[in-house]
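Have a look at the structure below, then the notes.
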Amino acid sequence: MSRHATVREARPLRPAAGSSALRIDPSLCDGVGICAHLAPDLVSVDSWGYPILRAGVLGSASERRQADAAVAACPRRALRVSS
């Protein structure tokens with residue numbers, strides 16, 4: 001057995017064909033936190049106010065509406081909905 005562990009790269013979760021997911025560009029985010037208020041089912045914030053997105057696809061119309069509202073309100077345009 002080797003003394004060196006194999007390191008795997010983490011791959012971003014990708015939505016299935018025909019589905020959408022909320023995504024963030026962390027380099028643009030200022031941690032304002034509006035997204036967490038507008039999309040509470042999809043976004044929580046860390047202790048500094050930066051968003052933590054729930055992994056997975058937008059499964060309902062309500063989640064899609066929340067995601068669209070958060071994207072539209074983001075002052076730094078750090079959020080997007082990908083398909």
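The values are calculated or read from the model by the stated rules, or taken from the named source; none is laboratory data. Since the structure is predicted, the reported quantities are computational estimates derived from the model, not experimental observations. We place every Cβ from the backbone using ideal geometry, glycine too, and count neighbours over all the protein chains shown.
Things to note:
- Meets criteria (more than 11 Å from the chain's Cα centre (by Cα) and either at positive phi or at pLDDT 95 or above (or both)) for residue 67: no
- In the stretch 21-46, the residue that is surrounded by the fewest Cβ atoms within 10 Å (Cβ to Cβ) out of those that are aliphatic (A, V, I, L, M) and within 17 Å of residue 61 (Cα to Cα) is 38.
- Output for the stretch 35-83, where each listed residue is in a helix (DSSP H, G or I) and of a type in the set (Ser, Thr, Tyr): 62
- Residues of the stretch 58-83 that are among the aliphatic types (A, V, I, L, M) and surrounded by fewer than 17 Cβ atoms within 10 Å (Cβ to Cβ): 61, 69, 72, 73, 81.
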